[in-house]
């Protein structure tokens, strides 16, 4: 694990929000009273991880819950033979690591800092007793875990029932809606490489490149070295619908 120490003075870490500020803007905790937030914030520690640092690995002990204060964190799973599939990207306001924190079993995924990232960390030994005293927080946690389950089920359904181009179009639109930005009127820009996109789907970069090149010729997208601009979302949605019917 590579995290910032006081001797790391050659790189500038991101501005660290207070634990209370991070918790207040997070879905899990936003309904809590100010007093309750202060008590929870008192349990939290602040850590900074540099770009590329491993926050935890699949199989590690699930001993803490993480919240993103700044930066981005990639969640992935490793398969046999060293193949890695990307599952999600966590941004400021997101929490992760809640599954292992709840059941106490080993981590089910890897977490790696995509940028230099400031995280709020609450240890399992502190979080569970707090959760027992806050039923509203328990309800929010259940909703979040259901959301994660739906996300995972959707990935399985895509793999089983959709053809390659439809899967790629759907994942591209989802990632753009969650992590993209408006480039021009009606255009969405997503900062992602073709290799990263391939890992979200568990397919080869060559296949992704082939489909993206076809869509570029049709005028649906623009391609850069590490970015994709979606110009025609309707065309991609039509491809998804056709792939679902097939």
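No value in this document is a laboratory result; all are computed from the given coordinates. Everything quoted here is computed from the prediction, not taken from an experiment. For neighbour counting, all protein chains shown are included, and Cβ atoms are generated from backbone atoms with ideal geometry for every residue, glycine included.
Observations
- Listed from fewest to most Cβ neighbours within 10 Å, the set 170, 46, 143 follows the order 143, 46, 170.
- Counted by neighbouring Cβ atoms within 10 Å, the residues 231, 167 run from fewest to most as 231, 167.
- Across the range 162-245, Cα-Cα pairs farther apart than 16 Å form 46% of the total.
- Potential lengthening of the chain between residue 204 and residue 18 amounts to 62.8 nm, from the contour at 0.36 nm per residue minus the alpha-carbon distance.
- Along each principal axis, Cα extent of the range 19-158, largest first, Å: 48, 32, 24
- Simple spin-label estimate for residue 130 and residue 183 gives 4.1 nm between the two label positions (7 Å along the Cα-to-Cβ direction from each Cα).
- Kirkwood analysis of the chain, using all unique Cα-Cα pairs, places the hydrodynamic radius at 19.5 Å.
- Across the chain, C-alpha contacts under 8 Å between residues 6 or more apart give a mean separation that, scaled by the residue count, equals a relative contact order of 18 percent.
- Compared with the alpha-carbon gap, the fully stretched path from residue 79 to residue 46 is longer by 8.8 nm at 0.36 nm per residue.
- In this label model, residue 91 and residue 213 are separated by 3.1 nm, measuring between points 7 Å along each Cα→Cβ vector.
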